[in-house]
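Since the structure comes first, as structure tokens, the remarks are kept for the end.
FYI, it's all coordinate maths here, none of it is from the lab. Model, not experiment: these values are computed from the prediction. FYI the Cβ positions are ideal-geometry reconstructions off the backbone, even for glycines, and counts take in every protein chain you see.
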Amino acid sequence: MLSINLPSILTPDAGLLFWMLLAFLVVFFFVAKYGFPAIINMVDERKKYIDQALAKAHEANEKLMGIQQESQQLIKQARQEQADIIRQAQETAKGIIQQASVKAQEEGAARLKDVQQQIMAEKENALREIRQTVATLSVKIAEKVIQKELSSQEAHQVFITKLVDEALDEKDK
Amino acid sequence: MASPAVQEEEGVNVKEVVLGHLSDAYEWHILTWNGRHVSIPLPVIVRGHEGQWHCFSSARFHEAEDHKVNGFYIDNERNGKIYESVPDGTTIRPLDLSITKNVVQLWIVVILMISIFTCTARWYKHKKPEDEAPGGFVGMMEMLVMSLQDDLIRPSVGEAHYRKYSPFLLTAFFFIFITNLLGLIPIFPGGANITGNINITFFLAICTFLMINLFGNKEYWKEIFWPPVPTWLKVPVPMMPVIELFGIFTKPFALMVRLFANMMAGHAIILSITCIIFITSQVGVAIGAPMSVASLVMMIFMNALELLVAFIQAYVFTMLSAVFIGMAHPAHHE
């Protein structure tokens, strides 16, 4: 028994302790099993979900950036290719024109040469013909002249002598 | 229990009134009307000296002529507890498991807590993590639980072990907090002074004591019996080990006394201020009226303060328990 009479709120009391133990254990086991885990697990899962969503968003963003860069690169490449093609085409065209002109020139030159050769041949032919014609004509003229001259005997004689002299002179020289 | 009505004729005995309201009782006193007590009788469960259990309503103490039931009576001289008259003339304190006012209040807290957390847990039952976060009451409970765990328990106990202890610490917090709040309500579903009773805080402190020492690691015990101090402090006179060993008990003792003293003092102050009204009105209306107004203002202030204290004390108890538990898991020093 206590020597001093403490107020009851300061006195140990088995009954209250017993009930407190029971009450606290009941509430502890209930709340620790059904109360807190429900909240904490959900919050943890939500946290995980948010983290995942954030990571996914980040990834998607990065992917998008990659795609953008890629597309830009593609466009750049396409432009360059376009420029290349145009330049090549231009070069080809220039080459073809040049080739054509060279060929034309060559052909022209060749034809010109042919024409010249033909002209020369024609010329020679013509000359030959002219000579022949002149020869025949001169022979004919000479015949005619001779036929006329021979009518007079003396003149004929003179002429023949003169021709012979000339031929002799030429021979001497 | 000393009834205030009896003394009212010869003046208000403040000490009796205050202690009476703070104390446990075998009935739940609601009001006194024209000298008649209106109260809820509660069951008395006692084991007599011959080892037999007796269970009866506390109202039978009033009904019986000599206020004795089967030899049991309420001894107002000795804290208003039940004593038993033994045939040899002496009186003994029987094993008393009565459902007293405090016990009823305890179970009200238990029911309240279970219903609060059942309601909260039910909300989560059919929800997925990708659903919207709760609002309203469930949101408040989630906020409270998570902020306690993440801002208080986790840093205090330490990252490695906090999940193991957080159910106990959270239960202790909500138990103390709800009990404190109910204690502030002056009428039936609340009003019993639970956390201002040394038995309750003793039990809570014992729980913390067990949590600290049952699960303390090797390093913790090494720091008690062979603390890292100069050797002459340990050998030949084990000064530091003795101090450390003493510390094992002072930590929960401080927890017990802190909660008890704070809650008891808060209740005592509010009750004392209330008593001012009755004391001054006995002197006269001229002094009674202004003092009543002053008392009312002070009471409102004190109740607001107690509301704060109700939270702070629950928080402090949880925080210190968490810190002590954390100290029982020191990191391994090389």
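Before moving on, here are some points about what is shown:
- Our summary gives the range B:43-96 a relative contact order of 30 percent, counting only alpha carbon pairs under 8 angstrom and 6 or more residues apart.
- Remark: mean inter-chain Cβ contacts per residue of B:115-126 equal 4, using a 10 Å Cβ-Cβ cutoff to other protein chain atoms.
- Dipole of the range B:43-96 [Lys/Arg +1, Asp/Glu -1 at C-beta], most positive-end residue of B:Thr91, B:Val44, B:His67: B:Val44
- Listed by chain and number, the lysines placed with their C-alpha closer than 17 angstrom to that of A:Lys103 are A:Lys94, A:Lys113; residues fewer than eight positions away on the same chain are left out.
- Where labels lie 7 Å past Cα in the beta-carbon direction, separation of B:Glu50 and B:Ser292 in nm: 5.5 nm
- Remark: for residue pairs B:Lys81/B:Lys164; B:Lys101/B:Lys125; B:Lys15/B:Lys101, the C-alpha separation exceeds 32 Å in B:Lys81/B:Lys164; B:Lys101/B:Lys125.
- Based on the Kirkwood approach, the hydrodynamic radius assigned to chain B is 23.3 Å, with every pair of different Cα atoms included.
- Taking amide H positions as modeled 1.01 Å from N, with prolines and chain starts lacking one, no residue 5 or more places away or on another chain lies under 5 Å from B:Ile194.
- The loop-placed GluC sites (Glu not before Pro) in the range B:154-251, going by DSSP, that have at most 16 neighbouring Cβ atoms within 10 Å of their Cβ come out as B:Glu159.
- Close amide H contacts of B:Ser39 (hydrogens built in the peptide plane, cut-off under 5 Å, sequence separation of 5 or more or a different chain): B:Ile30.
- When Rg and the Kirkwood Rh are both derived from Cα coordinates, the Rg/Rh ratio for the range B:236-309 amounts to 1.38.
- Counting neighbouring beta carbons within 10 Å and listing from fewest to most, the residues B:Tyr26, B:Tyr315 come out as B:Tyr315, B:Tyr26.
- Here is the result for the range A:54-156: no trypsin sites (Lys or Arg not before Pro) lie in DSSP coil with at most 12 other C-beta atoms within 10 angstrom of their C-beta.
- The aspartates and glutamates within cross-link reach of A:Lys33, meaning a Cα-to-Cα straight distance under 18 Å and a gap of 8 or more places when in the same chain, are A:Asp44, A:Glu45, B:Glu142.
- Distant alpha-carbon pairs in the protein assembly as shown (separation over 42 angstrom), percent: 52 percent
- Order of B:Phe177, B:Phe203 under a 10 Å beta carbon neighbour criterion, fewest first: B:Phe203, B:Phe177
- P(r) tail fraction, the range B:155-241 - alpha-carbon pairs more than 23 Å apart, %: 49 percent
- Taking Cα atoms only, the orientation of helix A:14-30 departs from the longest principal axis of chain A by about 20 degrees.
- Euclidean distance of C-alpha centroids, the range B:117-141 and the range B:51-81, integer Å: 48 Å
- Within a straight-line Cα-Cα reach of under 25 Å, A:Lys140 can be paired with the following lysines, leaving aside sequence neighbours fewer than 8 residues apart in one chain: A:Lys123, A:Lys148, A:Lys162.
- In plain terms, the residue of B:His37, A:His58, B:His21 with the fewest other Cβ atoms within 10 Å comes first and the most crowded comes last, giving A:His58, B:His37, B:His21.
- FRET efficiency, 1/(1 + (r/R0)^6) with R0 41 Å, evaluated for B:Gln282 and B:Leu308 via beta carbons: 0.80
- Each principal axis of the Cα cloud of the range B:100-203 was taken in turn, and the coordinate range along them, longest first, works out to 47, 30, 17 Å.
- Think of each Lys and Arg Cβ as +1 and each Asp and Glu Cβ as -1; about the Cα centre, that makes the dipole of the protein assembly as shown roughly 420 debye.
- Helix B:136-147 axis, angle to chain B major axis (alpha carbon atoms, nearest 10°): 50 degrees
- Helix axis angle, B:285-327 relative to chain B longest principal axis, alpha carbon, degrees: 30 degrees
- Along its first, second and third principal axes, ordered by size, the range A:22-167 spans 189, 19, 14 Å in Cα coordinates.
- Here the range A:70-128 is treated as an ellipsoid with the same Cα gyration tensor; its semi-axes, largest first and in whole Å, are 55, 4, 4.
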